[in-house]
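What follows draws every value from the coordinates through simple rules; no lab data is involved. If you're wondering where the values come from, they're calculated on a predicted model, not measured in any experiment. Positions of Cβ are backbone-derived with ideal geometry, glycine not excepted, and every protein chain shown enters the neighbour counts.
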Amino acid sequence: MSIQTIRNVFSVDTVYRLSDDQMVNHFPNHYELTRKDLMIKNMKRYRKELAKEASPLEEKDENGKYLYLEFVPVMFMLPADYNLFVEEFRKSPSSTWIMKPCGKAQGKGIFLINKLSQIKKWSRDSRTSTFVTVNSGKEAYVISLYIDNPLLIGGKKFDLRLYVLVTSYRPLKCYM
């Protein structure tokens, strides 16, 4: 259900009303945080803003890695950031990278690579794939450094879904 649909359902012209204890769990532009490609764009924008403000959160170590934002892995949009990705890949050629389609979920379309030739072969072999520019309207892929030894629960990978209500940005006030 889209935001517009929700607005239509709960408009003054309809008989549907939210009770005092009911809430809609989506907000306009929520995909800016939930789509992988847009999350990368927003993280890059955030880091640029921190650098402009000379924030201590923007500090990096001698290897150029963030001291306080290290929880965000090295990520690139393909094909747009292909040259930047290749430069990073060559710094540690024995690393494993994970490719994920931007607009899919539940593990669909995800695969691992450890050689540049695998990306080239995949893009050639998938003539009907979505490996095209973001501006063409078709889906692109996100590639990020794979965590080789992730934390497991019962021998399985997991993720945490946390819901946070942000009531103010300056000063930042959040409720989890």
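Applying the criteria of a DSSP loop state and at most 16 other Cβ atoms within 10 Å to the trypsin sites (Lys or Arg not before Pro) of the stretch 136-176 yields LYS138, LYS157, ARG161.
Placing a label point 7 Å from the Cα of ARG35 along the Cα-to-Cβ direction, none of the residues of the stretch 70-86 has a backbone N under 13 Å of that point. Near MET39, once Lys and Arg are set to +1 and Asp and Glu to -1 for all other residues with Cβ below 12 Å from its Cβ, the sum equals +4. Between ILE153 and SER92, the simple spin-label model (points 7 angstrom out along Cα→Cβ) gives 2.6 nm. In summary, the lysines within cross-link reach of LYS104, defined as a Cα separation below 16 angstrom excluding same-chain residues under 8 places away, comprise LYS36, LYS138. Working from Cα pairs under 8 Å separated by at least six residues, relative contact order for the stretch 29-106 is 25 percent. For the pair PHE111 and LEU69 in one chain, pulling the backbone fully straight at 0.36 nm per residue adds 12.6 nm over the alpha carbon distance.
Derived scalar couplings between HN and Hα for the stretch 157-172 equal 6, 8, 9, 10, 9, 10, 10, 10, 9, 9, 9, 7, 9, 9, x, 5 Hz in order, rounded to whole Hz, by the Karplus curve 6.51 cos²θ - 1.76 cosθ + 1.60 (θ = phi - 60°), x for Gly and Pro.
Rounded to the nearest 20 Debye, what is the dipole magnitude of the stretch 62-115 about its Cα centre when Lys and Arg each give +1 and Asp and Glu each give -1 at the C-beta? Write out the running numbers ahead of the final one.
Values: 7 positive and 5 negative charges, 64 e Å.
It works out to roughly 300 debye.
Around the amide H of TYR146, modelled in the peptide plane, lie the amide H atoms of THR96, TRP97, ILE98, all under 5 Å away and 5 or more residues distant in sequence or on another chain.
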